[in-house]
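Down below is the structure, laid out as structure tokens.
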Protein chains: 2
Amino acid sequence: MGRRAPRLQPEALPDLAPASSAARQLQEVRMFRNAMPRYEILSQESLAVLDKGWRRLVSDIGVEFLSDRALDLFRAAGQKVDDNNVRFDPDFILEQVAKAPREFDIQARNPEKSVHIGGDSMAFGGVYGPPFVREGEVRRDATMDDFRNFTKLAQSFSMLDSAGGVICEPNDAPLDSRHLDMIYALQTLTDKIYMGNVVSGVNARDTLAMTDILFGGRANIEATPATISLINCNSPLRWDDRMLDAQFEYSAANQPVVITPFLLMGAMSPVSIPATLAQQMAEALTGITLSQLIRPGSPVVFGSFLSNIDMQSGSPQFGTPESAVGLLCTGQIARHFGLPVRSGGALTSSQVPDAQAAYEGLMTMLPSFLAGINWVMHTAGWLDGGLVASYEKFVIDMQILEMLQAEFTPLEFTEENLAFGAHEEVGHGGHFLGAAHTMERFRTCFYRPFLSSSDNYDRWMRNGAKDAAARASDVWRKKLDEYEQPPIDEAVREELEAYVTRRRAELGD
Amino acid sequence: MGRRAPRLQPEALPDLAPASSAARQLQEVRMFRNAMPRYEILSQESLAVLDKGWRRLVSDIGVEFLSDRALDLFRAAGQKVDDNNVRFDPDFILEQVAKAPREFDIQARNPEKSVHIGGDSMAFGGVYGPPFVREGEVRRDATMDDFRNFTKLAQSFSMLDSAGGVICEPNDAPLDSRHLDMIYALQTLTDKIYMGNVVSGVNARDTLAMTDILFGGRANIEATPATISLINCNSPLRWDDRMLDAQFEYSAANQPVVITPFLLMGAMSPVSIPATLAQQMAEALTGITLSQLIRPGSPVVFGSFLSNIDMQSGSPQFGTPESAVGLLCTGQIARHFGLPVRSGGALTSSQVPDAQAAYEGLMTMLPSFLAGINWVMHTAGWLDGGLVASYEKFVIDMQILEMLQAEFTPLEFTEENLAFGAHEEVGHGGHFLGAAHTMERFRTCFYRPFLSSSDNYDRWMRNGAKDAAARASDVWRKKLDEYEQPPIDEAVREELEAYVTRRRAELGD
């Protein structure tokens, strides 16, 4: 370092609120807009190579759709259908893709928390899908109580736009009806947007029916969507029946679908990033084409979930250099097609919320900002290759997200911000702590972290020598203690509850 | 996640070497070149505001130089000198800055490890200056043995170009002569470039004399520099005598100096990033001007060490959003002046090598790549606000650096890389594990981490349930065990040793 920073006495400045002031500011901003430049690494020549690649894939090899309804639509539109395989005219695909909106809104039941998808907006949702939970040193099956806890935490952190959807698998709830419990929890424990269930067409219809209840009928949600759903490709080049059934429901109801090739290079795609990007384009664009045939103009998101396996063990790896590069390219590719884009998250292979979990998570989250991703899933809580929803990692991820939101807020370069008067006041070799310029701004001039510690060593030892994971454990317990359920119209809540009860009985649970 | 990745049997693919194959590849590349685009966030208008700012600072307020030799040079060059304060003609500064080379080489005693500074080259050095060491759970005073250990570790990791300089303060070595021990260790335990001592002009002369011995005389190191030294500003706007004395020695001998404003916003600069950037320009450019007056054309680096204090406690904070933004701007500003740039590192306030240490470190390291920083100090081992050199953090930082070097290696977009043949072979819904394209490339297709674990949970538990810090502890101990001293001409080594012995006696230690 070469020089030491002066340590100030605590009394040198008036007290700041212990909680993050920046967090409160962001809450007032409603949602994050990334007005910083995009970091684009693909040349026009590289894009042309990729363009040739996806065109050849969709026209020569084709894409399988395990859905008669989908095949009928493609056949009627003049595409070449053999068994389940569809060979496309690439220009037909581009015509359909052009019908999708470049940007759209998703309404939350609290209008302050409605979300815009596309342009420079970035919306963030929690981890999606883990069957296990980690709480401190304990790793165990996830339960419905865990699901509710994570939903409450998502409500408690203002920088998160959504708890997500299947934030963890509630293994103690009956399989056929647990989607009802999850949607009900998302609708009542948060007032933010939520993701729809995609396990089957039936589950999608239940999601839509409950969304109708919450938002006052189908016409209202068709006018402004109120849920967003993840449709994964069974890569390579195959769309499975159950997810397609869900896609049919959501697109028909004008609810956005995130059309996502699920690509772990080496398993579901070739061991080459360019090849994987071309495949991702072929898969995403054909899925998007289907939505436009189901309902022209229905909202879609160009989805990406791209990482690689370890070629020794076959294990998926997350937060890798390859996934970061793929993510940067994906943002640029989606903009090339005029589509909102989903990618990123705080992904990691680490089994615990340690240094690896943090560097791998940030290795995916920071490029999400650079790439201008619009819908970021798995923002909070992802651990152990996505098998675990971690309470402590959730808090660490919220800290990282809040830092990045502060970092990707453009500076103002004005004469006044040069603070020449402060230099006149302080002069050579002095310090700015007591300068008038400082005193006027010290409450808000810098981002203040809520989890990171910059305590000196003695103070840190006196405070229990807690590392970031231990402090994160304190934070989520406190957040749950302080959680307040957002108000909901009791008649609506009763109607939702009645729907859940009735459908659970019908489903035999 | 929505879909699970297939877990392969270990026997599905032939054995890969346990160590990182990417590390070996990078070693052959000799040093890292960042051929990815720069991420530039300053508009021409913002640059114009900053330009106005530094011009006003150097001409209206001026910069203090506590050195009669410096004041004489400025006076003789027609600048306005009052006591220690120099008011500059900004255009005079630009004339002098234009004399500095845009790029230059630094020779290592092993020519394979010589380094280029400037352009798209990035060179990386270890942490610099901590008085304490952390080893596992123990934090204690640093010793000369620690210094030697870290120097050996720096030799052992191919992605590091230099151990640095004062990698830790050897508190058990006599104060007046410890610089001799440090330089001797850097010269003999590594064959990489090393940093010069800057505590005083005397120490700089010793560094140069020992460098003369190692590289065959002053003429050889004047022709191609063989050491690089850090000159810090006593910000705001003051250059102190001891560092200036060192700068005189190094610049006169044509050895590069890294002219670095040391800016913790709120203490040494105003609580405004634009103001701090303008001050940084004023300080760096006046220091660089001095080097050009000492010896026109002598190599310099535009240095930056920019973070902020916590406005509640006064503690320095590292890995902050503000420091990342400042870093991005600094790269662009240095290129604006045609100068190589130093910044970045794996900085953190965290007291232990935990999640915070990792996310704060990466929050500075990733922007170092985006900004195209040429000389990155504090790349490995920095902990606890720079007060601690941590063995475990050193290894974690090496992991992060190697990942970033892989990430910032441009892709090739060719027809062949689209792997169309692999798609023809695999078809729909299959997997690429056994494809010919995969089998030909599986050894090198992806970066393989040496520290990160993607073991499944059961295997990870069986292997001792070690987190990243615990595994890092294993790695550095193994590296030290396996360390081999690079060969050195025995006559040269004896001459160095004799110099150290003689000078230690002269210095009274």
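Bear in mind that the values in this text are calculations on the coordinates, not laboratory data. Remember, predicted model here, so these are calculated numbers, not experimental data. Cβ coordinates were reconstructed from backbone atoms using ideal geometry, including for glycine residues, and neighbour counts include every protein chain displayed.
The table for this structure:
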| read-out | value |
| --- | --- |
| Identity and axial distance of the chain A residue whose Cβ lies nearest the axis relating A to B, Å | A:ALA358, 2 |
| Hits among aspartates and glutamates - C-alpha to C-alpha of A:LYS478 under 15 Å, sequence gap 8 or more where chains match | A:GLU135, A:GLU392 |
| Length added when fully stretched, A:LEU175-A:ASP458, from 0.36 nm per residue minus Cα-Cα | 96.7 nm |
| Translational diffusion coefficient (Stokes-Einstein; Kirkwood radius from C-alpha pairs) of region A:258-396 at 20 °C, 1.002 mPa s, in µm²/s | 142 |
| Teacher prompt: B:ASP481 distances to equivalent labels in other copies, 7 Å Cα→Cβ, nm | 4.6 |
| Aspartates and glutamates whose Cα lies under 16 Å from that of A:LYS192, excluding same-chain neighbours fewer than 8 positions away | A:GLU28, A:ASP105, A:GLU112, A:ASP161, A:ASP212, A:GLU484, A:ASP489 |
| Region B:176-201-region A:25-93 distance, computed between alpha-carbon centres (Å) | 58 |
| Contour minus Cα-Cα distance for A:GLU112 and A:ARG140 (0.36 nm per residue) | 6.5 nm |
| Region A:194-353 - convex hull of the alpha-carbon atoms, volume per residue in Å³ | 121 |
| For region A:361-374, 3J(HN,Hα) per residue [Karplus equation, 6.51 cos²θ - 1.76 cosθ + 1.60, θ = phi - 60°, Hz, x = Gly/Pro] | x, 5, 5, 9, 6, 5, x, 4, 6, 4, 7, x, 5, 8 |
| Other copies of A:ASP51: label-to-label distances in nm, shortest first, labels 7 Å along the beta-carbon direction | 3.7 |
| Residue-wise HN-Hα coupling along region A:240-257, computed from phi with Karplus coefficients 6.51, -1.76, 1.60 (Hz; x: Gly, Pro) | 7, 5, 5, 5, 5, 4, 5, 4, 4, 4, 5, 5, 4, 8, 6, 8, x, 10 |
| Potential extension, A:ASP72-A:GLU222 segment - 0.36 nm per residue separation minus Cα distance | 51.5 nm |
| Within 10 Å of each Cβ in B:232-238, the average number of Cβ atoms from other chains | 5 |
| All-pairs Cα distance distribution in the protein assembly as shown, expressed in whole percent, bin size 20 Å | 14, 43, 32, 10, 1 |
| Inverse of mean 1/r across different Cα pairs in region A:82-186, Kirkwood, Å | 16.7 |
| Partner chain coverage, peptide A:39-50 - average Cβ within 10 angstrom | 3 |
| Hull shadow area, averaged, region A:56-114 [alpha-carbon convex hull, nm²] | 5.9 |
| Per principal axis, descending, Cα span of region A:273-331 in whole Å | 44, 21, 17 |
| Pairwise centroid distance, computed over Cα atoms, of region A:300-353 with region B:278-311, Å | 39 |
| Normalised convex hull volume, region B:136-211, alpha-carbon set, Å³ per residue | 86 |
| Histogram of C-alpha separations across region A:340-468, 5 Å bin width, % | 2, 9, 15, 14, 14, 13, 11, 10, 7, 4, 1, 0 |
| At q = 0.11 Å⁻¹, base-10 log of I(q)/I(0) for chain B (Debye sum, equal scatterers on each alpha carbon) | -0.95 |
| Simple label model, 7 Å out from Cα along Cβ direction - B:ARG87 to A:ALA436, nm | 2.2 |
| Extent along principal axes [Cα atoms of region B:455-499; Å; largest to smallest] | 56, 16, 11 |
| Shielding of A:360-366 by partner chains, average beta-carbon count, 10 Å | 6 |
| Mean ellipticity per residue at 222 nm, deg cm²/dmol - from DSSP H runs of n ≥ 4 across chain A, formula -39500 (n - 2.57) | -13500 deg cm²/dmol |
| Other-copy label distances relative to A:GLY508, 7 angstrom Cα-Cβ extension, nm | 9.4 |
| For region B:202-296, the spread of Cα positions along each principal axis, largest first, Å | 48, 23, 18 |
| 26 Å Cα-Cα reach of B:LYS80 towards lysines, excluding residues that sit fewer than 8 places from it in its own chain | B:LYS52, B:LYS99 |
| Cα centroid separation - region B:97-125 against region A:100-172, whole Å | 48 |
| Nonlocal amide H pairs with A:ALA123, under 5 Å, H built at 1.01 Å | A:TRP375, A:VAL376 |
| Cβ-based exposure ranking for B:MET36, A:MET210, A:MET31, in which fewest neighbours within 10 Å come first | A:MET31, B:MET36, A:MET210 |
| Spin-label pair B:THR414/A:ASP509, simplified geometry with 7 Å Cα→Cβ offset, distance in nm | 5.3 |
| Debye-sum result for region B:371-424 in log10 I(q)/I(0), which assumes one identical scatterer on each alpha carbon, at q = 0.13, 0.26, 0.29 Å⁻¹ | -0.53, -1.05, -1.11 |
